[in-house]
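The values are calculated or read from the model by the stated rules, or taken from the named source; none is laboratory data. No experiment lies behind these values; they were computed from the predicted model shown. So basically every Cβ, Gly included, is an ideal-geometry build from the backbone, and we count neighbours across all protein chains shown.
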Amino acid sequence: MAVLIASGTTVSVAANTKSADRVSGQYQHVGRGKFTLICFPSATGINITCSVGGINLCNDLPSPFFGTTGSMDTSAHVIVSQVMNGGRVELFFRNTTGGALTVDYQLLFEPL
């Protein structure tokens, strides 16, 4: 069973900025397991960086999903799902537009 290690609903990312690390607390350092990142920004223009143990799962890549209506679907809005050895987990969002955007996200970890 997966553990939710980071999540947010309508997290605002200001124009032309990068968010702070979205993973904190006891799940900032984890062991080997499967990481699944689900993301649903409000509009095009959100780039995602997620790394585990210094290895990038996605490096400043645009989110392929966005929408002004509806909700995040954990079966349809998967950005990455990968087994990793573990280490420090980091997640950043970068807004490439001239206006503030919001993003819904979940980062799941399933220990192996």
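Can you name the strands (runs of 3 or more DSSP E) wholly within region 1-64 that have at least 3 residues being exposed (fewer than 15 other Cβ atoms within 10 Å of the Cβ)?
Numbers: elements: 3-13, 33-41, 46-52, 55-62.
Strands (runs of 3 or more DSSP E) meeting the threshold: 3-13, 55-62.
For (1) part of a strand (DSSP E or B); (2) among the acidic types (Asp, Glu); (3) crowded, with 20+ Cβ neighbours inside 10 Å; (4) at negative phi, each residue gets a yes or a no:
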site	(1), (2), (3), (4)
Asp73	no, yes, no, yes
Ala76	no, no, no, yes
Val80	yes, no, no, yes
Arg88	yes, no, no, yes
Leu91	yes, no, yes, yes
Arg94	yes, no, no, yes
Gly98	no, no, no, yes
Val103	yes, no, yes, yes
Phe109	yes, no, yes, yes
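Give region 80-110 a look and list any residue that's within 18 Å of Lys34 (Cα to Cα) and either modelled with pLDDT under 95 or charged (D, E, K, R) (or both), or say none. Write out each step before concluding.
To start, the set of residues in region 80-110 that are within 18 Å of Lys34 (Cα to Cα) comprises 80-91, 105-110.
Selection gives Gly86, Arg88, Glu90, Glu110.
Would you please name the residue that is farthest from Arg88 (Cα to Cα), looking only at residues in region 16-44 that are among the small types (Gly, Ala, Ser) and modelled with pLDDT of 95 or more?
Taking region 16-44 and keeping what is among the small types (Gly, Ala, Ser), we get 19-20, 24-25, 31, 33, 42-43.
Of the ones still in play, those that are also modelled with pLDDT of 95 or more are 19-20, 31, 33.
Numbers: Ser19: 17, Ala20: 15, Gly31: 9, Gly33: 12 Å.
Here the answer is Ser19.
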